[in-house]
1. Looking at D179, D245, can you tell me which residue is open to solvent by 60 Å² or more (accessible area, probe 1.4 Å) and out of contact with any strand residue (DSSP E or B) (no Cβ under 8 Å at 6 or more places or on another chain)?
2. Six or more apart or on different chains, Cβ under 9 Å: which pairs go from a residue in the stretch 380-407 that's closer than 17 Å to R332 by Cα and of a type in the set (S, T, Y) to one that's more than 12 Å from the ligand (Cβ to nearest atom) and open to solvent by less than 20 Å² (accessible area, probe 1.4 Å)? Could you list them?
3. Determine which single condition L338 fails, assuming it passes every other condition in (1) exposed (fewer than 15 other Cβ atoms within 10 Å of the Cβ); (2) of a type outside the set (S, T, Y); (3) within 28 Å of the chain's Cα centre (by Cα).
4. Could you name every one of the strands (runs of 3 or more DSSP E) located completely within the stretch 270-331 that has at least 1 residues being away from the ligand (no atom under 15 Å from the Cβ)?
5. For the stretch 185-195, what are the residues that are out of contact with any helix residue (DSSP H, G or I) (no Cβ under 7 Å at 6 or more places or on another chain), open to solvent by 10 Å² or more (accessible area, probe 1.4 Å) and assigned to a strand (DSSP E or B)?
6. So D404 fits all but one of (1) under 15 Å from the mean Cα position of the chain (by Cα); (2) within 16 Å of the ligand (Cβ to nearest atom); (3) not β-branched (V, I, T); what number is the exception?
7. If T198 satisfies every condition in (1) on the phi > 0 side of the Ramachandran plot; (2) under 12 Å from the mean Cα position of the chain (by Cα); (3) not basic (K, R) but one, which is the exception?
8. Inspect all residues belonging to the stretch 370-381 and state whether any of them is open to solvent by less than 10 Å² (accessible area, probe 1.4 Å) and more than 16 Å from the ligand (Cβ to nearest atom).
Amino acid sequence: MKVRINRMRRALILSLLLCSVLAAVGRGVRAQPSPYTVLPGDTWVALAMRFDVEESELRRLNPHFNTSRQPTIGTAITLPENATERSGQLVRSGNESLLSTAIRRRQSPWAIAALNGLGSLYRPLFYRPLFVPGDGIIRDLPPGIESLELSTTSPEPGQALGIRGTTLGENATITALMDGLPVVMAGSGNRFVGIVGTGAFYPGGEPELIIQVDDQPAWSQPWAFTEREWDYQELTLTGEAAEIDQQARDDERARLRELWTHLTPVPQWTAPFNKPITDFLSVTANYGARRAYNGGPYLTYHEGIDFSAYAGTPVYAPAAGTVVLAERLYVRGGTVILDHGLGIYSGYYHLSAIHVTAGQTVQPGTILGEVGTTGLSTGNHLHWDILVNGTWVDPAAWQEQGIDCWLLEGLGTTCLPPTVTE
Ligand SMILES: [Zn+2]
């Protein structure tokens, strides 16, 4: 009996041992901490502050060849296993001292000094990041900005991308660049929105988003693009189509470029963009399709969407705007171009008839013209394009993303329900 108990005890001890070994293994597995997806304002210093870990430990867990860059928006980073989140605020003040920063936030300056290892209450902080306890998620936003959102964390080349948020003061001047491309900005009170167009040849990668409020220090964080598959089209031009008058072509483009880069600073649209054609046969060419002519290299891409349709099919305004061009052009044939504000233009080409005139304002559903095959065209179709600050973006992606409403909401404006076109 005693032997048996001993055996049982041994079995018990063994199983306990096994359990603790398993537990250790379990901990070992959990030592691979859960990945965290980086959002704007998640700089190294902000993440270290938020998860109460050393910045060096975070960087050791997430080695990157370029240590001067901040964590990339949209990518996953590893947090230490024991990381626990704390709430509060990361505050960066310029010429202010700790004393005035604390008083303005109704905090004890001595407590903040102790929390941040600061000796003097009176010296200017020069934008040094300070931890201030309180509610909220700790983020390192551009100085002068209270909140910041991006339209997507996984952008693709060919898309229009948006930023929006609020500033600490009213009527601040915000400048933003994405990889050198200027972001068109608009504001109302302390709200701001911005939009930038990436073309189908945009290289993607991890460009820097740079934001600056008034003359405060510029803020910068990389933004990760996802790759996109494109169509490839080899086109053979013969006869008349092959004998393109290059000068007429260049002149047309130069004239339109001047139109497209004019900025109407206020959005003209009030509802999500519709398709400009309801009665079409098929989409015959997508945006971004790489094009090679007569066996040459793929030097150009298709700048819009082609809808094949019968001649005379009505073409509608997809959203409110102002007609800035309504006439027959050499390449584009019967053309209507609409200005929707914020640097956003849409174009309708190869029309057989035009029903609007330059200067006229249109509403969603206004008939702009009729499908045709005028200009350099080989059959009845509508070519529809959308430009943002002079760059062609994908009209299909534009509709899927819902960036039109996202921007209006960012300005505190209601986005009306879509209009039904007959
Ligand atoms: Zn086309």
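The values are calculated or read from the model by the stated rules, or taken from the named source; none is laboratory data. Because the structure is predicted, anything quoted here is derived from the model rather than measured. Heads up, the Cβs are rebuilt from the backbone with ideal geometry, glycines too, and the neighbour counts pull from every protein chain shown. SASA here: full protein model, heavy atoms, side chains in, ligands and nucleic acids out. Shrake-Rupley method; radii C 1.70, N 1.55, O 1.52, S 1.80 Å.
1. Working: D179 fails: out of contact with any strand residue (DSSP E or B) (no Cβ under 8 Å at 6 or more places or on another chain).
Only one candidate passes the filter, namely D245.
2. Partner pairs satisfying both residue conditions: none exist.
3. (1)
4. Details: elements: 282-285, 290-293, 305-308, 314-316, 321-329.
In the stretch 270-331, the matching strands (runs of 3 or more DSSP E) lie at 290-293, 314-316, 321-329.
5. We begin by selecting, within the stretch 185-195, every residue out of contact with any helix residue (DSSP H, G or I) (no Cβ under 7 Å at 6 or more places or on another chain); these are 185-190, 192, 194.
Pick out the ones that are also open to solvent by 10 Å² or more (accessible area, probe 1.4 Å) and you get 185-190.
The answer is M185, A186, G187, S188.
6. Of (1) under 15 Å from the mean Cα position of the chain (by Cα); (2) within 16 Å of the ligand (Cβ to nearest atom); (3) not β-branched (V, I, T), only one is false for D404: (2).
7. With respect to (1) on the phi > 0 side of the Ramachandran plot; (2) under 12 Å from the mean Cα position of the chain (by Cα); (3) not basic (K, R), T198 is out only on (1).
8. Just the residues of the stretch 370-381 that are open to solvent by less than 10 Å² (accessible area, probe 1.4 Å), to begin with: 371-372.
So of that shortlist, the ones also more than 16 Å from the ligand (Cβ to nearest atom) come out as none.
Within the stretch 370-381, not a single residue is open to solvent by less than 10 Å² (accessible area, probe 1.4 Å) and more than 16 Å from the ligand (Cβ to nearest atom).
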